1. Does Phe218 satisfy the criteria of being closer than 24 Å to Gly90 by Cα, within 23 Å of the chain's Cα centre (by Cα) and in contact (Cβ under 8 Å) with a residue 24 or more places away in the chain?
2. Quick check: is even one residue across the stretch 28-39 under 17 Å from Gly230 (Cβ atoms) and not small (Gly, Ala, Ser)?
3. List every residue pair whose Cβ atoms lie under 9 Å apart, where the two residues are 6 or more positions apart in sequence or sit on different chains, the first residue falls within the stretch 88-110 and is over 10 Å from Asp121 (Cα atoms), and the second residue, located anywhere, is surrounded by fewer than 21 Cβ atoms within 10 Å (Cβ to Cβ) and aromatic (Phe, Trp, Tyr).
4. From the list Val31, Val23, pick out the single residue that is in a loop (DSSP other than H, G, I, E, B) and not assigned by TED's automatic domain parsing to the domain that holds Lys233.
5. Would you mind finding the one in Asp46, Asp24, Asp29 that is over 19 Å from the mean Cα position of the chain (by Cα) and either more than 29 Å from Glu194 (Cβ to Cβ) or modelled with pLDDT of 95 or more (or both)?
6. What's the total number of residues in the stretch 58-87 that are touching a strand residue (DSSP E or B) at 6+ places or on another chain (Cβ under 7 Å), closer than 25 Å to Thr32 by Cα, without any contact (Cβ under 8 Å) to a residue 60 or more places away in the chain and of a type in the set (A, V, I, L, M)?
7. Return the pair list, or none, for Cβ contacts closer than 8 Å from residues in the stretch 134-158 that are surrounded by 15 or more Cβ atoms within 10 Å (Cβ to Cβ) to residues that are among the aromatic types (Phe, Trp, Tyr), at least 6 apart or on different chains.
8. I'm trying to understand the selection: among the residues of the stretch 211-239, which are surrounded by fewer than 17 Cβ atoms within 10 Å (Cβ to Cβ), touching a Phe, Trp or Tyr at 6+ places or on another chain (Cβ under 8 Å) and not in a loop (DSSP other than H, G, I, E, B)?
Amino acid sequence: MNLIADIGNTRVKLAVFDADTFVDQWVFDSVTRADIDSIVAKYSVDRAIVSSVGKDMNYDELFGTLPYMVLTSEVAVPITNCYKTPTTLGADRLAGVVGAATLFPNKNNLVIDMGTCITLDFITKEAEYLGGAIMPGISMKFKALHTFTNKLPLLSAENIENIDIVGNDTWSSIYSGVMNGTCLELEGFVARYEEKYGSINVIFTGGDAFYFEKRVNFPNFVSSNLLLIGLNKILNTNE
């Protein structure tokens, strides 16, 4: 039984896998030793893996006597990592492409992770990870417009349905710029990838993915557990 910990900028996701089979999942604002102990006891967990792009944590204190590993550039992964600076590659990005290759082997996969930042990561059908792109997430865009101007309000993406390309007041103009602008960015990226690599499989993940899966004009698959699947695969690879 494997315990998977994905520590992001805003949330902590935990999951339990029985070998390759997903069993259960939890989401925390912050996680404690008591949370870990409860899950370990309930599911008789044998080992753990942690990926973190968030705040530093004392993993020895968090996991106690449970054997665990931290995903770093030194850990063996079941893909070929062609990133020029692997030590600077976010663990979440690496786990995402491993998850994509696990779910969709022998395909060109583009992972679009919609979180605090929006990351695009491309792995070829030969399981070679080439890299991708990093840009501000939609919350960061809303905050930037408010923070770096004197009069623009702070908006959020909540309760958004139809957004016209032409905003007819300040609020709708901001929504169009952020939401439609992000759609156009992603559509442009996908078109360029297809020009260069031919057919690609696009996978959305991350907390904001549901805002865009039906707004973009390219076929896509949504996997909220993509990073967890990738981390579990890496843990099994290092058994």
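1. Numbers: closer than 24 Å to Gly90 by Cα: no; within 23 Å of the chain's Cα centre (by Cα): yes; in contact (Cβ under 8 Å) with a residue 24 or more places away in the chain: yes.
The answer is no for Phe218.
2. First pass over the stretch 28-39, keeping only residues under 17 Å from Gly230 (Cβ atoms): none.
Checked against the condition, which is being under 17 Å from Gly230 (Cβ atoms) and not small (Gly, Ala, Ser), the stretch 28-39 yields no hits at all.
3. Leu89/Tyr83; Leu103/Phe221; Phe104/Phe221; Asn108/Tyr193; Asn108/Tyr197
4. On the way: Val23 fails: in a loop (DSSP other than H, G, I, E, B).
None of the others qualify; the one that does is Val31.
5. Values: Asp24 fails: over 19 Å from the mean Cα position of the chain (by Cα); Asp29 fails: over 19 Å from the mean Cα position of the chain (by Cα).
Just a single option satisfies the conditions, and that option is Asp46.
6. Of the residues in the stretch 58-87, 1 are touching a strand residue (DSSP E or B) at 6+ places or on another chain (Cβ under 7 Å), closer than 25 Å to Thr32 by Cα, without any contact (Cβ under 8 Å) to a residue 60 or more places away in the chain and of a type in the set (A, V, I, L, M).
7. Correct list of pairs: Ile138/Tyr211; Leu155/Phe142; Leu155/Trp171; Leu155/Tyr175; Ala157/Phe142; Ala157/Tyr211.
8. Here is the first cut: in the stretch 211-239, the residues surrounded by fewer than 17 Cβ atoms within 10 Å (Cβ to Cβ) are 213-215, 217-219, 221, 224, 236-239.
Keeping just the survivors that are touching a Phe, Trp or Tyr at 6+ places or on another chain (Cβ under 8 Å) gives 213, 221.
Matches in the stretch 211-239: Phe221 only.
The values are calculated or read from the model by the stated rules, or taken from the named source; none is laboratory data. It should be emphasised that the depicted structure is a prediction, and the values quoted were computed from it without experimental measurement. As a convention, Cβ positions derive from the backbone with ideal geometry for all residues, glycine included, and neighbour counts pool all protein chains shown.
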